[in-house]
Amino acid sequence: MKAVGRYDTALQMFVEETREPDLRRLSFMRWLVENNRLEHPVIGPASGEFVVMGAQAEVAELPLAS
């Protein structure tokens, strides 16, 4: 198993040492953005627990009819 890095007791987690960015990866990411290929199109409607919570919050914010 690969070593994760040193353990920082103040953060209570393992941290990696800084390193130089991978310029090939950054160039590829830039190409994806410039050619509108970074994100895939939406496949279907949103679903799940967070959608329900968001809808309930929106309903709670609606003004009541008098």
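Summary of values
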quantity: Residue in region 23-43 that is in contact with a helix residue (DSSP H, G or I) (Cβ under 9 Å, 6 or more places away or on another chain), among the small types (Gly, Ala, Ser) and free of Cβ contacts under 8 Å to residues at least 40 places away in the same chain present; calculated: no
quantity: Enumeration of residues in region 1-59 that are exposed (fewer than 10 other Cβ atoms within 10 Å of the Cβ), of a type in the set (Ser, Thr, Tyr) and more than 21 Å from the chain's Cα centre (by Cα); calculated: 9, 18
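Bear in mind that the values in this text are calculations on the coordinates, not laboratory data. Note that the coordinates shown come from a computational prediction; the quantities given were computed from them, not determined experimentally. Neighbour counts run over all protein chains shown; Cβ positions are idealised from the backbone, glycine included.
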